[in-house]
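Values in this text are rule-based calculations from the coordinates and carry no lab data. Since this is a predicted model, take the numbers as computed values, not measurements. Neighbour counts are summed over all protein chains in view; Cβ atoms, including those assigned to glycine, are modelled from backbone coordinates with ideal geometry.
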Amino acid sequence: MGQLQLVSFQIANAFGVTKLIEAEREQRRFIEALQTASVAIGRQIHLDEVLDKILEQALHAFNCDAANIMVIDGGKARIERARGYDVFGLDTEVIENFALKINEHNNLLLMSEGEALHVADTKACEDWIPHQGFNWCQSWAGGPIFYGGTLLGFLNLDSAEPHSFSDEILGQLQAFATHAGIALHKARLLKRLTEEHTRLQRIYNVGRDISSSLDPDKILHELLRACLEVLRGVYGAISPSTRKRAVCH
């Protein structure tokens, strides 16, 4: 009886050590994936490349088959980048045109309030709304993407197996969502700076062209053309006190 009990203790200890080793491996895999995503944000300025790298590492860190990043577009959330959906017959065109009304989906509403969450079994969830082409998704997890208190979008993980996610991974998922928020903010800031530089360059060119011409009609035409470019207009006209009028479209 004593030997049997000793053997039982040894087996239990072996199982405990195995679980501990597996937990350490999972934690190490998550840390490595998050570090890789961090490096991508620091080195790259092209938004698509950064988001692809974040999704690639999310697929590596979590037990999921596909992942996507949605951005806020009015009252909708549309997919900006995605990974893994081609395996389930969803081509690029379908993914790019996929959008959800936020106020019609409880999971999006909850995430909008800053809460990461998961659905263990989509088939058994009354609030889950199935969508054409996504019937294979049996469990889901998602986290809000914020930057400076502003909601930018959502990071979603999809799995073809039920119970792929648990409460324990939500903190880790939110860490990836935070990195996505940084990437989106940097890309939008760069876009605004680029647009402002372009506008200033156009204004400078107009001043140069006007100062180099003595022809009133040419000056007015160049001024009107520049105004349309800077203001992104389609049609414009300048009506001086005389009968002559400059028109540009």
Compute, for the stretch 53-134, the length of the dipole vector about the Cα centre, with Cβ point charges of +1 (Lys, Arg) and -1 (Asp, Glu) only. Units Debye, rounded to 20.
140
Mind checking the full-extension length gain between A124 and R202? Use 0.36 nm per residue of separation minus the Cα-Cα distance, one decimal, nm.
22.3 nm
Please identify the chymotrypsin sites (Phe, Trp or Tyr not before Pro) of the stretch 143-175 that satisfy two criteria: DSSP loop assignment and at most 10 other Cβ atoms within 10 Å. Which are they?
none
Kirkwood hydrodynamic radius over Cα pairs of the stretch 70-117, then Stokes diffusion coefficient at 25 °C and 0.890 mPa s, in µm²/s:
210
